[in-house]
Amino acid sequence: MRRMFWSTSLIWAAVAAGPSRPATIVPGPIYEVYAIEYAKLEGFPASALILGADSARKLDLSMMVWLLKGEGRVILVDAGFYRKEFLDTWKVKDFRTPSDAVAAFGVRPEDVTDIVVSHMHWDHADGADLFPNARVWVQKAEYQFYLDPKNQMRTGVFPSDVKMFQAIEKAGRLQLVAGDSQKVARGVTAFIGGRHTKESQYVSVSTRSGLVVLASDNVYTYENMERHRPIAATWDTVSNLAAQDRMVRMAAKPSLVVPGHDPKVFSRFPAVKAGVARID
Ligand SMILES: [Zn+2]
């Protein structure tokens, strides 16, 4: 009874204080979030992206990295690719190295403090050594799994990239993330989910509008979310949908879940300049 009295009077005190007295709000970490395109990949089969899609249907993909600015940090989510072996295999259009794409936006490669690698596929991890000072964050289970040569190649993770990660580890810049809901920086959190690879992760970022979720390949396109379809490349479709649902719940609004390869990101969000969209 006494407890009830107390809580009631506290509520009343808050109401009585009225709107003229602003509540004490500790300023939270606020980042600006940008999507930066560094290449296009045209005519990709929809069925390789969206489970059950018509295999005759083709989609154009945007190859992008995401840049977070705030709290004295310059953080990339994913690092794109640039090695010749991948450029030779994948005939992308409008390619510039991810570091050039970021530099065109006014951020020097050496200014990048952190890179959160969502997973170790060539088109997300390969560019990590373009940023010489960055701490590189990857899930521990993901890294350890792909260290084994028999888990490389056929899975989209290549020996050249694993070697590069080992060099980053040797240089003391590799940060192994131990599981779900792990802090990368104040206001930036890594979550596991989606099972795109052994232990793919996604990132939430605190912005002026609340939480933005950068899904990377755990959600390839808007169509995955809007039609509630798993990505085609997942180890576990049930877990992929559960991860997508969690991202939608977590974000300040569903439109603030950003998929990994959808060119519509550049029409749904305002363009800052060619190939750069301000997410929030
Ligand atoms: Zn991937």
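The values are calculated or read from the model by the stated rules, or taken from the named source; none is laboratory data. The structure presented is a predicted model; accordingly, all values stated were derived computationally and were not measured. With ideal geometry, Cβ positions are generated from the backbone for all residues, glycine too; neighbour counts draw on all protein chains shown.
Couple of notes before you dig in:
- The lone exception for residue 226 - which of (1) in contact with a Gly (Cβ under 7 Å, 6 or more places away or on another chain); (2) surrounded by fewer than 15 Cβ atoms within 10 Å (Cβ to Cβ) it fails: (1)
- Number of positions in the stretch 150-165 that are without any contact (Cβ under 8 Å) to a residue 12 or more places away in the chain, assigned to a helix (DSSP H, G or I) and over 13 Å from residue 83 (Cβ atoms): 1
- Among (1) within 16 Å of the ligand (Cβ to nearest atom); (2) part of a loop (DSSP other than H, G, I, E, B); (3) surrounded by fewer than 21 Cβ atoms within 10 Å (Cβ to Cβ) - the single one residue 179 does not satisfy: (1)
- Every condition in (1) at pLDDT 95 or above; (2) over 24 Å from residue 189 (Cα atoms); (3) within 16 Å of the ligand (Cβ to nearest atom); (4) surrounded by fewer than 18 Cβ atoms within 10 Å (Cβ to Cβ) holds for residue 163 except the one numbered (3).
- Scoring residue 221 on the criteria (1) β-branched (Val, Ile, Thr); (2) touching a helix residue (DSSP H, G or I) at 6+ places or on another chain (Cβ under 9 Å); (3) surrounded by fewer than 24 Cβ atoms within 10 Å (Cβ to Cβ); (4) under 25 Å from residue 58 (Cβ atoms) leaves a single failure, condition (3).
- Filter result for residue 212 (touching a strand residue (DSSP E or B) at 6+ places or on another chain (Cβ under 7 Å) and in contact (Cβ under 8 Å) with a residue 40 or more places away in the chain): yes
- Number of the condition not met by residue 203 [criteria: (1) in contact (Cβ under 8 Å) with a residue 12 or more places away in the chain; (2) over 30 Å from residue 132 (Cα atoms)]: (2)
- For residue 184, the criteria (1) in a helix (DSSP H, G or I); (2) farther than 17 Å from residue 280 by Cα; (3) β-branched (Val, Ile, Thr) hold in every case but one, which is (1).
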